[in-house]
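Q: If you scroll down you'll find the structure; I have some questions about it.
The values are calculated or read from the model by the stated rules, or taken from the named source; none is laboratory data. Note that the structure is predicted; figures quoted are calculated from it, not measured. Reconstructed Cβ throughout: ideal geometry from the backbone, glycine too, with neighbour counts over all protein chains shown.
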Amino acid sequence: MPTAEPATTFRSTVLRDLEQVADHHTIVDGLYAFQTMLDGKKWNEIRTAMQEGVHAYGARGIDDAVAVMRAHLDVCGPTQHLMGNVQVRLEGDFATTRSSFRAFHTGAGAYTGSVYECLGYYDDSWIRAGERWKLVRRVISVRAESGDRAVIGISAEP
């Protein structure tokens, strides 16, 4: 499951005015809120954080993206998706972010006592929607993983 390192270096926007500072803060806060919603399995709230036509988790559209998230997280016990090293590039009503993540998943049912953990990058795209920023694209680059993938509903590779 590890993927290649992203090819390009990501550079944050140099913030030049209070509107850009506010946008930067709102986007970073939205990233953290999204991860908290994942851990809380708050699927209806996650739906409102994504734009129609979103490309995320290998799926297109809100319903399909949420279905992928649920397929991996509804089978788990508690999870913790930590995020840091957030970089934001602002371009008017569009933004891109790169953030590092470490995701810890505990097993449930037959997998109680097992864990699966991965770390890597989220490369996200956002669009301004009124006073909010909504996710329009998420690409996950897993750099390392440990544990049992079955914890998140992925069968062992042959």
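Q: Does residue 5 meet the test of being within 26 Å of residue 116 (Cα to Cα), at pLDDT below 95 and either among the acidic types (Asp, Glu) or surrounded by 15 or more Cβ atoms within 10 Å (Cβ to Cβ) (or both)?
A: When the stated conditions are applied, residue 5 passes them.
Q: Can I ask one more? Just wondering, is there one or more residues in region 122-137 that are out of contact with any Cys (no Cβ under 7 Å at 6 or more places or on another chain) and at positive phi?
A: Yes, the conditions are met somewhere in region 122-137.
Q: I've got another one for you. Within region 25-119, considering only strands (runs of 3 or more DSSP E) that don't extend past its boundaries, which have at least 2 residues that are in contact with a Gly (Cβ under 9 Å, 6 or more places away or on another chain)?
A: 50-56, 94-106
Q: Being surrounded by fewer than 18 Cβ atoms within 10 Å (Cβ to Cβ), of a type outside the set (Phe, Trp, Tyr) and within 17 Å of residue 145 (Cβ to Cβ) narrows it down to one residue among 91, 117; which is it?
A: After ruling out the rest, the residue left standing is 117.
Q: May I pose another question? Kindly indicate the residue of region 42-60 that is small (Gly, Ala, Ser) and within 20 Å of residue 141 (Cα to Cα) and also surrounded by the fewest Cβ atoms within 10 Å (Cβ to Cβ) among those meeting that condition.
A: Here the residue is 58.
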